[in-house]
């Protein structure tokens with residue numbers, strides 16, 4: 001079974017609420033508008049039956065659905081975020097119940113209010129969520145990540161998934177807009193943010209107490225595979241007392257190509273890399289082609305072997 005662990009869908013109830021908003025994140029004039037960017041809204045964002053047809057055509061058995069923190073919904077003030085995250089969680093749970101075994105989901109949480117986020121996580125796990133998606137901006141420094149400890153503990157107790165995805169941290173001022181070439185510079189910023197979150201996970205004690213938690217990093221852990229050897233040389237050359245942890249960590253290949261996939265597999269191990277598409281923002285068929293072109297010794301693990309273990313561990317009955 002091929003499994004896509006990084007995909008997004010906007011349920012009808014959430015779409016209606018976003019259309020009613022006057023300020024980003026919102027839907028206006030046929031576009032999803034969020035801080036610094038907008039994307040054309042089409043049926044691929046909203047139609048689960050159409051998505052299922054694509055999965056069948058491409059031979060993909062299951063897709064793990066989430067709400068991208070890059071839209072900035074979960075980092076809004078809690079009174080704004082909660083109705084939106086609830087609309088997502090309720091709508092996506094209904095979609096997964098309608099097509100059992102084909103879709104699974106991760107909870108969206110109102111991160112700005114730790115108590116509300118924890119309650120929402122508990123409700124979502126009880127409703128069938130396999131974990132939660134968390135903005136990488138909350139993990140770019142160890143001290144900032146402390147606010148997530150209660151959520152990580154609850155996810156660990158459920159043997160669930162914490163999906164670290166590009167997105168802002170509540171209460172932190174956004175970076176200035178790129179001076180030029182935003183279509184390129186924004187991608188570098190996204191990958192850098194994920195790499196900073198990965199450094200927190202790998203080089204601090206944040207996850208030491210959470211042996212049953214699976215952490216998924218979006219986009220092959222950002223640019224970390226490219227700079228890991230430089231970090232190793234700095235540590236060795238300057239006699240820095242650094243220890244790289246070995247948490248239960250996977251990285252999806254969403255939006256990346258065969259060279260990046262091969263590099264991440266060499267750094268993290270082939271069984272730590274999983275298929276991700278970032279649909280509908282990117283295309284699932286491109287990710288499938290990239291995995292094939294990477295010519296990995298254990299491509300089956302990337303396409304589904306590792307994902308089956310992760311999903312089953314989190315309680316998914318469809319594997």
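The values are calculated or read from the model by the stated rules, or taken from the named source; none is laboratory data. None of these values were measured; they are calculated from a predicted model. As a convention, Cβ positions derive from the backbone with ideal geometry for all residues, glycine included, and neighbour counts pool all protein chains shown.
Going through (1) over 15 Å from residue 215 (Cβ atoms); (2) in contact with a strand residue (DSSP E or B) (Cβ under 7 Å, 6 or more places away or on another chain) one by one, residue 177 falls short only on (2). Please go through segment 153-172 and give me each residue that is in a loop (DSSP other than H, G, I, E, B) and at pLDDT 95 or above, ordered by number. Matches in segment 153-172: 158, 159, 160, 166, 167, 168, 169, 170. Only one entry of 49, 3 meets the criterion of being within 27 Å of residue 315 (Cβ to Cβ) and out of contact with any strand residue (DSSP E or B) (no Cβ under 6 Å at 6 or more places or on another chain), and that entry is 49.
Whether any residue in segment 100-113 is surrounded by fewer than 17 Cβ atoms within 10 Å (Cβ to Cβ) and within 19 Å of residue 3 (Cβ to Cβ) is what I want to check. Taking every residue of segment 100-113 in turn, at least one turns out to be surrounded by fewer than 17 Cβ atoms within 10 Å (Cβ to Cβ) and within 19 Å of residue 3 (Cβ to Cβ). Scan 19, 51, 28, 57 and give me the residue that is surrounded by fewer than 17 Cβ atoms within 10 Å (Cβ to Cβ) and in contact with a helix residue (DSSP H, G or I) (Cβ under 8 Å, 6 or more places away or on another chain). Going through 19, 51, 28, 57 in turn, just one is surrounded by fewer than 17 Cβ atoms within 10 Å (Cβ to Cβ) and in contact with a helix residue (DSSP H, G or I) (Cβ under 8 Å, 6 or more places away or on another chain): 28. Among residues that are out of contact with any helix residue (DSSP H, G or I) (no Cβ under 9 Å at 6 or more places or on another chain), touching a residue at least 12 places away in the same chain (Cβ under 8 Å), exposed (fewer than 15 other Cβ atoms within 10 Å of the Cβ) and closer than 25 Å to residue 169 by Cβ, residue 77 is included. Here the helices (runs of 4 or more DSSP H) wholly within segment 45-152 that include at least 2 residues being within 21 Å of residue 10 (Cβ to Cβ), at pLDDT 95 or above and under 18 Å from the mean Cα position of the chain (by Cα) are 78-98, 114-126.
Of all residue pairs spaced 6 or more apart or on separate chains, those with beta-carbon atoms under 6 Å, a first member in segment 144-172 that is at positive phi and surrounded by fewer than 23 Cβ atoms within 10 Å (Cβ to Cβ) and a second member that is in a helix (DSSP H, G or I) and modelled with pLDDT of 95 or more are 159/313. Would segment 32-44 turn up any residue that is surrounded by 15 or more Cβ atoms within 10 Å (Cβ to Cβ) and within 30 Å of residue 300 (Cα to Cα)? Yes - at least one qualifying residue is present in segment 32-44.
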